[in-house]
Amino acid sequence: MSSLLIAPQHERNIREHGVAYVVESVAYDSMKVTHLCNYHPDSRVYCKNCDWETTVSKLPHPDTDNSVVQPDMCPDCVKRGELGFVRSTPKAAKEEV
Ligand SMILES: [Zn+2]
């Protein structure tokens, strides 16, 4: 676990709660991530500050429900010591209807 980076401002909560989601070797507090429900697996999740991008299907899946978790901070930016805010686009959401 020593190789894991911890997202900014998440460390105290992770120590208190003992639960974290890991996205690309960066640990996020389970209470600070966004739960995406019923998102299309191909939907883009991207950073506003850099070129980091992934898809919903590659994000961690909590075992409690059908959601996936979206980190609030971009893992690539965390690795560079920067702050990058993650956004998502509900692409093809109308196919779900
Ligand atoms: Zn970024």
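The values are calculated or read from the model by the stated rules, or taken from the named source; none is laboratory data. Just so it is clear, the model here is predicted, and its values are computed rather than measured. Don't worry about glycine lacking a Cβ; one is built from the backbone with ideal geometry, like all the others, and counts go over all protein chains shown. Surface areas here come from the heavy atoms of the whole protein model, side chains and all, with no ligands, DNA or RNA. Shrake-Rupley method; radii C 1.70, N 1.55, O 1.52, S 1.80 Å.
At a probe radius of 1.4 angstrom, the accessible area of the range 1-74 per residue rounds to 60 square angstrom. Here is how the number arises for the chain: DSSP H runs of 4 or more residues each give -39500 (n - 2.57), the sum is divided by the residue count, and the result at 222 nm is -3000 deg cm²/dmol.
Between Glu16 and Cys37, residue separation times 0.36 nm minus the direct Cα-Cα distance comes to 5.0 nm. Relative contact order of the chain, taken over Cα pairs closer than 8 Å and 6 or more residues apart, is 28 percent. Extension gain for the segment Gln9 to Lys48, taken as residue separation times 0.36 nm less the Cα-Cα distance, is 12.2 nm to one decimal. Here the spin labels are modelled as points 7 Å beyond Cα on the Cα-Cβ line, and at Arg80 and Lys58 they lie 1.7 nm apart. Taking amide H as placed 1.01 Å from N in the peptide plane, the amide H of Ile6 sits under 5 Å from that of Ala27, each at least 5 places away or on another chain. If I compute solvent accessible area with a 1.4 Å probe over the protein chains, what percent of it on the chain is carbon and sulfur? The nonpolar share, carbon plus sulfur, comes to 48 percent.
Computed with a 1.4 Å probe on the full set of protein chains, the accessible area for His17 sits at about 90 Å².
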